[in-house]
Amino acid sequence: MNFRLAAVALVAVLAGGLVALAVLPGPREQVANVLPSTGKALVGGPFSLVDHTGKAVTDKDFRGRYMLVYFGFTHCPDVCPSGLQVVAAALDKAGAKAEQITPLLITVDPERDTPEQLASYVPSFHPRLVGLTGTPEQVAAALKAYRVYAKRVDDPKSSAGYTFDHTSLIYLMDRNGEYIAHFTHATSVDRIAERLAKLQ
Ligand code: NI
């Protein structure tokens with residue numbers, strides 16, 4: 001159900017974020033006047049949240065480490081579990097480099113995803129997966145920073161009566177919290193693992 005959203009978000013990221021790539025095809029002289037020689041992607045930024053142990057954390061607590069950031073929610077029936085399985089499998093396959101990467105699940109559903117709920121969920125995917133939640137305002141700020149779309153929609157089949165349509169992207173961020181690359185829950189584990197293993 002989220003493939004279309006992922007595609008839309010992907011286009012948005014490519015169009016809005018990857019200034020550096022846009023520079024590559026053209027001669028330097030032609031682009032020098034319109035684009036800076038280095039471009040910062042527009043994905044990522046400060047966040048202030050609560051982890052699954054109940055501790056307040058910010059993006060700065062992860063400085064010095066790579067982050068694999070996925071936005072989802074624990075009641076998601078299919079896409080989120082796929083995304084988190086891909087993250088976990090890629091980490092397991094990336095070898096020693098994986099030790100320098102922190103996988104994060106930032107909830108889009110803070111109402112149901114309390115720290116306790118996240119604590120009962122994240123270890124089933126990976127022992128180092130960090131679950132993050134917060135007030136609705138804190139979560140909304142994190143969504144905005146990462147340009148993630150999440151919309152609550154009615155769902156009579158769900159016990160709570162609602163679910164979320166949301167972007168399903170896995171963001172790879174560098175040691176300074178800046179964007180490197182992104183994948184989706186449908187990207188092959190091998191491709192992600194290869195990219196992780198190449199990190200400097
Ligand atoms: Ni989901």
Quick check: convex hull over the Cα atoms of region 48-197, volume per residue in Å³, rounded to an integer? 98
Between Asp174 and Gln85, how many nm apart are label points set 7 Å from Cα along the C-beta direction? 3.4
With N set to the residue count of region 133-183, report its C-alpha Rg divided by 2.2 N^0.38 Å to two decimal places. 1.41
Arrange His52, His126 by Cβ neighbour counts within 10 Å, fewest through most, would you? His126, His52
Across the alpha-carbon set of region 115-160, Rg over Rh with Rh taken as the Kirkwood radius works out to 1.03
Report, ordered by chain and residue number, the lysines lying within cross-link reach of Lys144, taken as a straight Cα distance under 26 Å and ignoring same-chain residues fewer than 8 apart. Lys40, Lys55, Lys60
Please give the length that would be gained between Ser124 and Arg191 if that part of the chain were fully extended, namely 0.36 nm times their separation in residues minus their C-alpha to C-alpha distance (nm, one decimal). 21.8 nm
Net charge, Phe73 excluded, C-beta distance under 13 Å - Lys, Arg +1, Asp, Glu -1: -3
When region 55-134 is reduced to its Cα atoms, the Kirkwood hydrodynamic radius in Å: 12.9
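None of the figures in this text is laboratory data; all of them are computed from the coordinates on show. In this text the structure is predicted, and so the values were computed from the model without any measurement. Quick reminder, even Gly has a Cβ in these numbers, built from the backbone with ideal geometry, and neighbours come from all protein chains shown.
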